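Worksheet: the structure to be examined is printed underneath.
The values are calculated or read from the model by the stated rules, or taken from the named source; none is laboratory data. Keep in mind that this is a model prediction, so the values were computed, not measured. Cβ sites come from the backbone with ideal geometry, for glycine too, and all protein chains shown count toward neighbours. Just the protein is used for accessible areas: all its heavy atoms, side chains included, with ligands, DNA and RNA removed. Shrake-Rupley method; radii C 1.70, N 1.55, O 1.52, S 1.80 Å.
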Amino acid sequence: MVAMQSVNKGEAKSCCEATPDWVRIDLVLEKYVGKKSQIIAALRECQEINGYLSEELIIHVSRFLRFPLSDVFGVASFYSLFSLTPKGKNTIRLCMGTACYVKGIKEINDRIVNEYQIGPSGISDDNRFGLEHVRCLGACSLAPVMVVNDDTHGAMTAEKINDILSEYK
Amino acid sequence: MASIQILNQIKKKNLETMNMESGSTKVRILIHTGTCGYAAGARKILEAAKNISAASDLPVDISLSGCIGLCASEPNVTIMRKGEASVIYQKMTPEKMAEVFENHVKAGAPVMSHALACKDMSGFDLKKIDELDFFKSQVLFTMRNKGVIDPESIDEYIARDGYFAALKAVTEMESEQIIKEILASGLRGRGGGGFPTGRKWDIAFNNKSDVKYIICNADEGDPGAFMDRSILESDPHSVLEGMIIAAKAFGATHGYIYCRTEYPLAIKMLEKALAKAREYNFLGRNIFGTGMGLDIEICQGAGAFVCGEETALMLSIEGKRGMPRPRPPYPAQKGLFGKPTVINNVETLSTVPSIIREGAEAYSSMGTLTSKGTKVFAMSGSINTVGLVEIPMGISLRSLIFDICGGIPNKRKFKAVQLGGPSGGCIPEAFLDTPVDYEAIIQAGAIMGSGGVIVMDETSCMVDMARFFIDFIKDESCGKCTPCREGSSRLLEILDRITTGEGKDEDIAELEELSEFIKSTSLCGLGQTAPNPVLSTLRHFRHEYEAHIKDKKCPAKRCASLLEFKVDTEKCTKCGLCFKACPAKAILWQKKQAASIDRDKCTKCLSCYKACRFEAIL
């Protein structure tokens, strides 16, 4: 099937919000035409390209694939993998599993929130870091665990935070 | 087309290269890599090993193998030389790797100071691995291949008798025969419910349908449980083989593996295993040339704990919000896309091939009256040896924690052990002699669950733990039914109040009443078990709740709002450790002077309390 004309692409809203890469997104969506059971996979790939699922992107997915917007939004808002807001430049994920909790991830969280001025949205004031909580990464032997982008740091202590995070500009 | 002869050929050829029988002349370096190994630095060890061996002209074979289960000693490396005992090294660094290469790989002299134990035969001045306390009582039935084979190599899996059971089941056995064998083994679902696996298959077998599904539930979401991840990473083919046998048993035509997105390495290993199994004709339209058709695809979860519940999981595969529905109809009657579906957990499925190969008797002879066989436990928390332990059912919790895993570190006292994740409960010292057995653990106030065991010492506050789990449940509730959605939020409000010193006398009664209500009226397992952490801590640690409410004190010194830090000037050695640790600059200290705390600046982060080695901060 030939790609439907992309709809509602809109212009970039401000200087710092880049226009989504519609060409790549449409190439991805092509694969999922008529496959409603794979909407999670489709949204996952879109998010990988765009960084997050913006309102206009969700509307675009719904129109392109001809799935009801309520269904697409319903899935996007249900799973914690999907983010409906932009993320910080570097993503810090703290494991909130039981072992990490017992071993003090809460103190590490508090320290990061204080020192890097993470706001209520989970993003630092300078947009350098986004802080997320995940439910058990299954690396309980190294508790407490912090993941920055793709790097896993085990046996965290509050003292190590600055050393590790200074590497991520 | 595979036959027993071809499997035997592959087995023979690979046993040689795996250095297990006659042995090749090459030295084999096994780097043990799971998610945990990588996080502990295995990637650097791998690079170092490659660089060093490239620089020398020695015939060396470097391969990757899964976690050996002893996470506390990672990263691990095994060196295998022909005719000699293999040596497992622990806590490796690139520098240690260079040393080991120079002495052991080149010259055959193991570096004793870095070695953990030897494998297979004894030799050198080292214990055999199964003589270590950690491995002594273990029986590796489900995890027999961990750390032994390269998870990416189907041939090495075959060398360890892999796919022989599938071949037997598909070519020689009738469906009823397979189901009978699994029933006789007494295998119960290892995901938490403990439903007899054979019965589940039997129900699906008796439901006639043109299409049936087998689903592997790899959505291990219980915090503190990581056995499924480890099995998928170190032995993915065992899960596929289990699925093939299950498919033959009840006539499944399609398979799905629903895997957590948080486990990227497991997904990668599964993808590779699937491709290889298809290539070998173990999956596809004509399995083992018998005309039986089965293909399996991976479906990635998207971070929702409730999707581990089977009815929610199926909706998620169908591309919808993963919200549970009432049962019956059970999935075995009406499941994925309305067809009969069996959902088994990773550990259950990977146990199946060994049962078919070794016979039901070999399995059912281990364990207790109602809980047969072995169970894998993921040990973590305040415990000396963290890792994966596979033991026959019936061993006591005490021996699991103290004999096998070496007890509590830092000379602290044992306080409680948490079993079964958010649906489970905390067991105090008085119940430590409870045997691990589905029914006995329920009696003690917890559940077996998937087997995550988190040990807590005296620094854990049980009210805070209950709050932690309820916070988890509140976040993960799908929101469909009111008791779970609203009830967990109310529970959290009360617990928040208690842990911040605002607790009221009637709070305990209210917690109990609300918990019973949520339990009896929720739609699915998540809600029905949600209040368990509260009820079990209230049962065994009521005095801690009372201390928070009546005395406004947190006996374990965890709940920051109830703490007033001060320095005991008599105990203070003026060392300044607390000063260095404090992130808020609230500690006033100068050389040769006792510290003091500026209450206005103090954020009660506990840094100073933890940093002080002389118990001078109260």
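Numerical summary
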read-out	value
So A:L137, is it within 10 Å of chain B (Cβ to nearest Cβ) and not in a helix (DSSP H, G or I)	yes
Pairs, first more than 9 Å from chain A (Cβ to nearest Cβ) and touching a residue at least 24 places away in the same chain (Cβ under 8 Å) in the range B:214-236, second among the hydroxyl-bearing types (S, T, Y) and assigned to a helix (DSSP H, G or I), C-beta under 6 Å, six or more apart	B:I231/B:S350
Single match in B:F141, B:F135 (criterion: crowded, with 19+ Cβ neighbours inside 10 Å, outside any loop (DSSP other than H, G, I, E, B) and not aliphatic (A, V, I, L, M))	B:F135
Single residue of the range A:67-79 satisfying the filter (in contact (Cβ under 8 Å) with a residue 24 or more places away in the chain and not hydrophobic (A, V, I, L, M, F, W, C)) that is nearest to B:G319 (Cα to Cα)	A:D71
Listing of strands (runs of 3 or more DSSP E) fully contained in the range B:34-125 that carry 3 or more residues being open to solvent by less than 10 Å² (accessible area, probe 1.4 Å) and either in contact (Cβ under 8 Å) with a residue 40 or more places away in the chain or among the aromatic types (F, W, Y) (or both)	B:77-80
Condition check for B:E458: open to solvent by 30 Å² or more (accessible area, probe 1.4 Å) and modelled with pLDDT under 95	yes
Out of B:R278, B:R327, B:R321, sole residue that is over 19 Å from B:F250 (Cβ atoms), more than 14 Å from chain A (Cβ to nearest Cβ) and open to solvent by 60 Å² or more (accessible area, probe 1.4 Å)	B:R278
Where B:K268 falls short, out of the listed (1) open to solvent by 60 Å² or more (accessible area, probe 1.4 Å); (2) modelled with pLDDT under 95	(2)
Selected residue [within 22 Å of B:E233 (Cβ to Cβ) and of a type outside the set (A, V, I, L, M)] from A:N109, A:N149, A:N127, A:N114	A:N149
Sole residue being at pLDDT 95 or above, open to solvent by less than 30 Å² (accessible area, probe 1.4 Å) and not in a loop (DSSP other than H, G, I, E, B), chosen from A:L29, A:L53	A:L29
Hits in the range B:408-430 (condition: over 20 Å from B:G449 (Cα atoms), away from chain A (no Cβ under 11 Å) and surrounded by 18 or more Cβ atoms within 10 Å (Cβ to Cβ))	B:I408, B:F414
Filtered residues of the range A:152-169 (kept if under 18 Å from the mean Cα position of the chain (by Cα) and within 9 Å of chain B (Cβ to nearest Cβ))	A:T152
Members of the range B:293-311 found to be in contact with a helix residue (DSSP H, G or I) (Cβ under 8 Å, 6 or more places away or on another chain), crowded, with 18+ Cβ neighbours inside 10 Å and more than 15 Å from B:L232 (Cβ to Cβ), listed by number	B:L294, B:A302, B:A304, B:F305, B:V306, B:C307, B:E309
Complete set of residues in the range B:357-378 that are of a type in the set (K, R), in a strand (DSSP E or B) and either in contact with a helix residue (DSSP H, G or I) (Cβ under 6 Å, 6 or more places away or on another chain) or farther than 10 Å from B:M393 by Cα (or both)	B:K372
Qualifying residue in the range B:185-205 (condition: touching a residue at least 60 places away in the same chain (Cβ under 8 Å) and more than 26 Å from B:T370 (Cβ to Cβ))	no
Subset of the range B:1-27 that is modelled with pLDDT under 75 and over 21 Å from B:K82 (Cβ atoms) - its residue that is surrounded by the fewest Cβ atoms within 10 Å (Cβ to Cβ)	B:M1
Lone qualifier among B:Y256, B:Y263, B:Y163 - being more than 30 Å from B:F469 (Cβ to Cβ) and in contact with a helix residue (DSSP H, G or I) (Cβ under 8 Å, 6 or more places away or on another chain)	B:Y163
The range A:103-134 - residue that is within 9 Å of chain B (Cβ to nearest Cβ) and assigned to a helix (DSSP H, G or I) and, of those, surrounded by the fewest Cβ atoms within 10 Å (Cβ to Cβ)	A:N114
Unique residue being surrounded by 14 or more Cβ atoms within 10 Å (Cβ to Cβ), under 38 Å from the mean Cα position of the chain (by Cα) and in contact (Cβ under 8 Å) with a residue 60 or more places away in the chain when the list is B:L577, B:L606, B:L562	B:L562
Condition met for B:T537 (within 14 Å of chain A (Cβ to nearest Cβ) and modelled with pLDDT of 95 or more)	yes
Meets criteria (surrounded by fewer than 22 Cβ atoms within 10 Å (Cβ to Cβ), at pLDDT 95 or above and within 14 Å of another protein chain (Cβ to nearest Cβ)) for B:F377	no
Looking only at the range A:67-102, and only at residues there that are within 21 Å of B:S607 (Cβ to Cβ) and more than 7 Å from chain B (Cβ to nearest Cβ), the one that is most open to solvent (accessible area, probe 1.4 Å)	A:M96
Selection from the range B:395-417 of residues that are without any contact (Cβ under 8 Å) to a residue 60 or more places away in the chain and in a loop (DSSP other than H, G, I, E, B)	B:G407, B:I408, B:P409, B:N410, B:K411, B:R412, B:K413
The range B:588-611, residues that are away from every other protein chain (no Cβ under 14 Å) and either more than 9 Å from B:F565 (Cβ to Cβ) or of a type in the set (K, R) (or both)	B:L588, B:W589, B:Q590, B:K591, B:K592, B:Q593, B:A594, B:A595, B:S596, B:D598, B:R599, B:D600
Number of the exception - B:R43 against (1) of a type in the set (K, R); (2) within 14 Å of another protein chain (Cβ to nearest Cβ); (3) in contact with a strand residue (DSSP E or B) (Cβ under 6 Å, 6 or more places away or on another chain)	(3)
Qualifying residue in the range B:508-524 (condition: more than 13 Å from chain A (Cβ to nearest Cβ), under 27 Å from A:R111 (Cβ atoms), of a type outside the set (V, I, T) and touching a Gly at 6+ places or on another chain (Cβ under 8 Å))	no
Of all residues making up the range B:431-465, the number that are within 13 Å of chain A (Cβ to nearest Cβ), part of a helix (DSSP H, G or I) and within 21 Å of the chain's Cα centre (by Cα)	1
Any hit, the range B:246-253, residues being among the small types (G, A, S), away from chain A (no Cβ under 14 Å) and surrounded by fewer than 22 Cβ atoms within 10 Å (Cβ to Cβ)	yes
